[in-house]
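Computed from the coordinates by the stated procedures, all read-outs in this text should not be read as laboratory data. If you're wondering where the values come from, they're calculated on a predicted model, not measured in any experiment. Here Cβ is always computed from backbone atoms with ideal geometry, including for glycine, and neighbour counts include all displayed protein chains.
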Amino acid sequence: MEARTLELVFPNDTNTHGTIFGGTLVAWMDKAAAYAAIRCARSAVVTAAIDSIAFEVPIRQGELVELYARVEKVGRTSMRVRVEVSREDPMDGSRELCTVGYFTMVAVDADGRPRPVAQLD
């Protein structure tokens, strides 16, 4: 299962250097991971862990940010989701991979308790 989202970096998303706040980008990544996990589990999910995010390439105000999330592994109630972040110059279409992160999402029932997830095909 996968999900793609697109965001535009506005002035209120940036720091004094004109680049995106790390926390804003992590929140966008978390949402993309949740969307992919929801599609996989067909239920609500919560974030259990975030691993290994390195901000390799700065993302600037005015750039498009594409987030691509894919469920890589399914456990009994959890899913490991890889999220790739690319920036795009909307004027010339040039793209660059900026960040990769790994999220562990857990499927939950209506009471917020972990519930089983079907295995990937």
**Request:** Look at Ala54 and say whether it is free of Cβ contacts under 8 Å to residues at least 60 places away in the same chain, of a type in the set (Gly, Ala, Ser) and more than 16 Å from Ala3 (Cα to Cα).
**Result:** yes
**Request:** May I ask you to verify whether Phe21 is in contact with a helix residue (DSSP H, G or I) (Cβ under 8 Å, 6 or more places away or on another chain) and exposed (fewer than 15 other Cβ atoms within 10 Å of the Cβ)?
**Result:** yes
**Asked** Residues in the stretch 26-56 that are small (Gly, Ala, Ser) and either surrounded by fewer than 17 Cβ atoms within 10 Å (Cβ to Cβ) or in contact with an Asp or Glu (Cβ under 8 Å, 6 or more places away or on another chain) (or both): how many?
**Response** 8
**Conditions (1) over 13 Å from Val117 (Cα atoms); (2) touching a helix residue (DSSP H, G or I) at 6+ places or on another chain (Cβ under 8 Å): number failed by Val71** = (1)
**Message:** Please verify whether Ala118 is touching a helix residue (DSSP H, G or I) at 6+ places or on another chain (Cβ under 9 Å), more than 29 Å from Asn12 (Cβ to Cβ) and hydrophobic (A, V, I, L, M, F, W, C), treating the condition exactly as stated.
**Reply:** yes
